[in-house]
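S.K.: Below are the C-alpha cells for one structure; questions will follow.
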Amino acid sequence: MKLVMAIINDEDAYSLMNALNERGYRVTKLASTGGFLRSGNTTLITGVEDDNIDDVVDTIEKTCKSRKQMMATNTSNSEGFAPYPIEVTIGGATIFVMDVMTFKKV
Ligand code: 2BA
C-alpha cells in the first residue's frame, strides 16, 4: 500500500475529491499553506493499493490545472526598497508517493 500526498490549488480541491471518490478512493483533505507564497493551498492524502497508484496520479494530473499568480517582492534602489511584482507559476499538483508500513482500521 502507498500513501499519496498531493498539494494542490484550493480551487481544484472539490473537483479532485469528487473524481477520486467516484473512482472508489478515500480521501482526506487538509488545509495547508505554501512556504513560499504564504497563501493557502490544499493537501489531499489518500491511501491506495500499489496497483492503483497510476490511476490516482493520472486523475490528479487530469483534474489539477497550473496557474500563474503575482507575488509582491521588494527591490532596492537609490531611494530604498520599492515593491516589485513577480509572476510565479504554481504547478497543478505537487505529488509525493510514500510506502505505508502498516494500515489498520480499529
Ligand atoms: P509555495 O511554497 O507557496 O510555492 C508556490 C510556487 O512558488 C511554487 O509552485 C513555485 O512555482 C514557486 N516557488 C516556490 N519556492 C520558490 C523559490 N524558492 N524560488 C522561486 N520560486 C519558488 P509549486 O512548485 O507548484 O509548489 C506549489 C506548492 O506545493 C508550494 O507552495 C508548497 O506548498 C508545495 N510544495 C512544492 N514543492 C514542495 C516540496 N518539495 N516539499 C513540500 N512542499 C512542496
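The values are calculated or read from the model by the stated rules, or taken from the named source; none is laboratory data. No experiment lies behind these values; they were computed from the predicted model shown. Reconstructed Cβ throughout: ideal geometry from the backbone, glycine too, with neighbour counts over all protein chains shown.
S.K.: Just to be sure before I move on: is residue 89 among the polar types (S, T, N, Q), touching a residue at least 12 places away in the same chain (Cβ under 8 Å) and closer than 16 Å to residue 42 by Cα in the structure I sent? Full working, then the answer.
M.R.: Numbers: among the polar types (S, T, N, Q): yes; touching a residue at least 12 places away in the same chain (Cβ under 8 Å): yes; closer than 16 Å to residue 42 by Cα: no.
Here the answer is no, as residue 89 does not meet what is asked.
S.K.: Yes or no: residue 67 surrounded by fewer than 11 Cβ atoms within 10 Å (Cβ to Cβ), among the charged types (D, E, K, R) and within 16 Å of the ligand (Cβ to nearest atom)?
M.R.: Values: surrounded by fewer than 11 Cβ atoms within 10 Å (Cβ to Cβ): no; among the charged types (D, E, K, R): yes; within 16 Å of the ligand (Cβ to nearest atom): yes.
No: the conditions fail for residue 67.
S.K.: Further question: Which of the residues belonging to segment 3-57 are in a loop (DSSP other than H, G, I, E, B) and either surrounded by fewer than 18 Cβ atoms within 10 Å (Cβ to Cβ) or within 16 Å of the ligand (Cβ to nearest atom) (or both)? So that I can check it myself, show each step before the final result.
M.R.: As a first pass, look at segment 3-57 and keep what is in a loop (DSSP other than H, G, I, E, B): 9, 23-27, 34-39, 49.
9, 23, 24, 26, 34, 35, 36, 37, 38, 39, 49 - these are the residues of segment 3-57 that are in a loop (DSSP other than H, G, I, E, B) and either surrounded by fewer than 18 Cβ atoms within 10 Å (Cβ to Cβ) or within 16 Å of the ligand (Cβ to nearest atom) (or both).
S.K.: Do we find a residue being away from the ligand (no atom under 13 Å from the Cβ) and under 22 Å from residue 23 (Cβ atoms) anywhere in segment 75-88? It would help to see each step written out before you state the result.
M.R.: Step one: filter segment 75-88 for residues away from the ligand (no atom under 13 Å from the Cβ), giving 75-85.
Now narrow it down to the ones that are under 22 Å from residue 23 (Cβ atoms): none.
No, segment 75-88 has no match at all.
S.K.: Residues being assigned to a strand (DSSP E or B) and more than 10 Å from the ligand (Cβ to nearest atom): count how many of those fall in segment 89-104. Give the derivation first.
M.R.: Residues of segment 89-104 that are assigned to a strand (DSSP E or B), as a first pass: 89-90, 93-99.
Next, only the ones that are more than 10 Å from the ligand (Cβ to nearest atom) stay: 97-99.
Qualifying residue count, segment 89-104: 3.
S.K.: Shifting gears a bit: Scan segment 10-33 and report the pairs whose first residue is farther than 17 Å from residue 62 by Cα and whose second residue is modelled with pLDDT under 95 and hydroxyl-bearing (Ser, Thr, Tyr), with Cβ atoms within less than 8 Å and a gap of 6+ or a chain change.
M.R.: 33/39
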